[in-house]
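Trainee: Here it is: the structure, laid out below.
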Amino acid sequence: MRIAALGFAAFVLLDSAAGATNPGSSSLSLAVSVRKADAAYQNLPASLSAYNLAVREICAAMEVQNPPQFASSLKKLGVSFDSPKVGLPLRRVQIAAPSSAPNGTPVGIPMVVGYDTKMRVFIRQRAFL
C-alpha cells in the first residue's frame, strides 16, 4: 500500500501488501483502517463511500501524529508514505473541509499540508508561499 500526499489532497493508492500485516497494539486502529481501505479499494467504484470513510480514518490518524512517527507506523504495516518533494520538512497535515463535487463523489480525502519553513532562506526572486 502507498499513501501519497500531493498538493492539497491525500490519495491512497493500494496494492496487495497491506493485507499481510501483524500490527502491535499501539497501531491496531491504524492497521484496521488500512485493511478496510484495502478491501474497499479492491471493489471500487462500487465501494467508494466505504473507501473514502476508511481513508478519512487514516487521515485522522495522520492529523494527531507528527509526520515522521506516522510514516514509521505505516512502514511497520507494510505501507509507504510518499510526501511531495518540495525541499521542506512536512510539519503537519489537516483534513480540509469537504467541497461540493458537481460530478459525484471524489475519490480520496482533501488535505491541507503544512511545511516547516523556519530554516528556509527566501531570496526575493525565488520566494514562494
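The values are calculated or read from the model by the stated rules, or taken from the named source; none is laboratory data. Every value quoted in this text rests on a predicted model; they were computed, and no experiment measured them. Cβ placement follows ideal geometry from the backbone for every residue including glycine, while neighbour counts extend to all protein chains displayed.
Trainee: Among the residues of the range 64-116, count how many are in contact with a helix residue (DSSP H, G or I) (Cβ under 8 Å, 6 or more places away or on another chain), under 16 Å from ASN52 (Cα atoms) and touching a residue at least 60 places away in the same chain (Cβ under 8 Å).
Mentor: Total satisfying the criteria: 4.
Trainee: Let me ask you something else. Is one or more of the residues making up the range 35-47 in contact (Cβ under 8 Å) with a residue 40 or more places away in the chain and part of a helix (DSSP H, G or I)?
Mentor: no
Trainee: Name every residue in the range 69-89 that is modelled with pLDDT under 85 and not in a loop (DSSP other than H, G, I, E, B), in order of residue number.
Mentor: PHE81, ASP82
Residues are listed down the side, and each one gets a yes or a no for (1) modelled with pLDDT under 50; (2) among the acidic types (Asp, Glu); (3) in contact with a strand residue (DSSP E or B) (Cβ under 9 Å, 6 or more places away or on another chain); (4) more than 14 Å from VAL79 (Cβ to Cβ):
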{"site": "ALA10", "(1), (2), (3), (4)": "yes, no, yes, no"}
{"site": "SER27", "(1), (2), (3), (4)": "no, no, no, no"}
{"site": "ALA31", "(1), (2), (3), (4)": "no, no, no, no"}
{"site": "ARG35", "(1), (2), (3), (4)": "no, no, no, no"}
{"site": "PRO45", "(1), (2), (3), (4)": "no, no, no, yes"}
{"site": "ALA50", "(1), (2), (3), (4)": "no, no, no, yes"}
{"site": "ARG56", "(1), (2), (3), (4)": "no, no, yes, yes"}
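Trainee: Which members of the range 84-104 meet the condition of being surrounded by 10 or more Cβ atoms within 10 Å (Cβ to Cβ) and more than 15 Å from ILE58 (Cα to Cα)?
Mentor: Our first condition is that a residue be surrounded by 10 or more Cβ atoms within 10 Å (Cβ to Cβ); within the range 84-104, this holds for 84, 86, 88-96, 98.
Selection gives PRO84, VAL86, LEU88, PRO89, LEU90, ARG91, PRO98.
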